[in-house]
Amino acid sequence: MQADISSIVFEDNFAETKAWSAEEFACEEHFQRTHRRSSDGRFIVAILFKHPVTELGNSKEKALQKFLSLERKLSKDQGMKDKYCKFIHEHLSLGHMPWVLDEDDSVSYYMSHHPGIKSESCTTKLRVVFDFSMPSSTDKSLNELQMVGPVIQPDLFDIFISFREFRFVVSADIAKMYRQVSIEPKQWAYQRIFWRESPSALIEVFELNIVTYGQVSASFLAVRCLYQTDEECEFDVSSIIKSSFYVDDFLHLVDSIEKGVKIGNTVSAALSGGGFKLRK
């Protein structure tokens, strides 16, 4: 895969600090060419494909069987089922999982999902894990067709080592960072799941319309939108967003509480323009 490197503009040279492969350059070019923003400032991106989606086979039957197996598992643990339903309800209420009216399966991908427990989390201890690596009838999964994208954030060690230089740390994280970024509507069919709350109800099909954890290009797409917020915002954040985030965690060093409060408020305001909300 070759990319026209000369046509790619790198803001603040964040890509020039590491040796990138041709595929990683292609990811950056793809983002610059395809991303856009909605009327409320949120980002809309396209999944990074390196192989034609026509290589996907049938995944509907396998996803359905896996859903029925999940349903039986949840029926044996009411507490887990309640948490699982709450997670799904949140997606529905936020508009992140619209109901599919027309099940055109000509080019689509149905995936299984299962509970993931994150015991150290202060907010959501159970999350629904969507399996983009589930093979279709051609043995190809959606993840196998995607480009991963380069790592563009600083190393966590580099952030921690700077703790020795300042007295105070401004710390926060972004609420549901991935879910603040939307996927192009024409690609929603690649993120289909089965769901019903009760075995007595009809099984329905839903499409995730947001960048979703578990997809190999998700991290690059979400972080790249974060960086784009830095590049386009009207506030003077002096590339703080690019230098002080590790995934969704914000850690910035300052020499006074007053400066920390000012930077925290400024970064929060800058991020809100892209739909990202700082918390904690």
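Backbone phi angles across segment 173-184, fed through the Karplus curve with coefficients 6.51, -1.76 and 1.60 (θ = phi - 60°), yield HN-Hα couplings of 9, 8, 5, 6, 3, 4, 6, 7, 10, 8, 9, 3 Hz in residue order; Gly and Pro are listed as x.
Database remark: amide H of L126 closer than 5 angstrom to the amide H of K118 (H placed geometrically; neighbours at sequence offset of 5 or more, or on other chains; Pro and chain starts carry no H).
Rolling a 1.4 Å probe over the heavy atoms of the protein chains gives segment 44-148 an accessible area of 53 Å² per residue.
Ranking Y246, Y109 by solvent-accessible area of protein heavy atoms (1.4 Å probe, all protein chains present), from largest to smallest, gives Y246, Y109.
Please say if the chain is rounded, prolate or oblate, where rounded means a/c under 1.5 for a ≥ b ≥ c the square roots of the C-alpha gyration tensor eigenvalues, and otherwise the choice is prolate for a/b larger than b/c and oblate otherwise? Write down the numbers at each step before the final one.
On the way: a/c = 2.16, a/b = 1.43, b/c = 1.52.
Oblate, since a/c reaches 1.5 and b/c is not below a/b.
Pick out which of G41, G79, G260 has the largest mean-square fluctuation in a Gaussian network model of the chain, springs linking Cα atoms closer than 10 Å. Result for the chain, Cα springs under 10 Å: G79 fluctuates most. For segment 43-54, 3J(HN,Hα) computed residue by residue from phi via the Karplus equation (6.51, -1.76, 1.60; θ = phi - 60°) reads 8, 10, 10, 10, 4, 8, 9, 10, 10, x, 5, 5 Hz, glycine and proline entered as x. For the residue pairs K76/K118; K66/K140; K50/K186; K76/K176; K125/K259; K50/K140, alpha carbon separations beyond 23 Å are given by K76/K176; K125/K259.
For the chain, relative contact order (Cα pairs under 8 Å, six or more residues apart, normalised by length) works out to 23 percent. Calculated mean residue ellipticity, 222 nm, the chain: -9500 deg cm²/dmol, from DSSP H runs (n ≥ 4) at -39500 (n - 2.57) each, averaged per residue and rounded to 500.
Atom-type composition of the exposed protein surface of the chain places 52 percent of the accessible area on carbon and sulfur (1.4 angstrom probe). When the Gaussian network model of the chain links Cα atoms closer than 10 Å, the mean-square fluctuations of D40, D105, D249 top out at D40.
The values are calculated or read from the model by the stated rules, or taken from the named source; none is laboratory data. Here the structure is a predicted model, which means the values were calculated and not measured. Heads up: the accessible areas ignore ligands, DNA and RNA and are worked out on the full protein's heavy atoms, side chains in. Shrake-Rupley method; radii C 1.70, N 1.55, O 1.52, S 1.80 Å.
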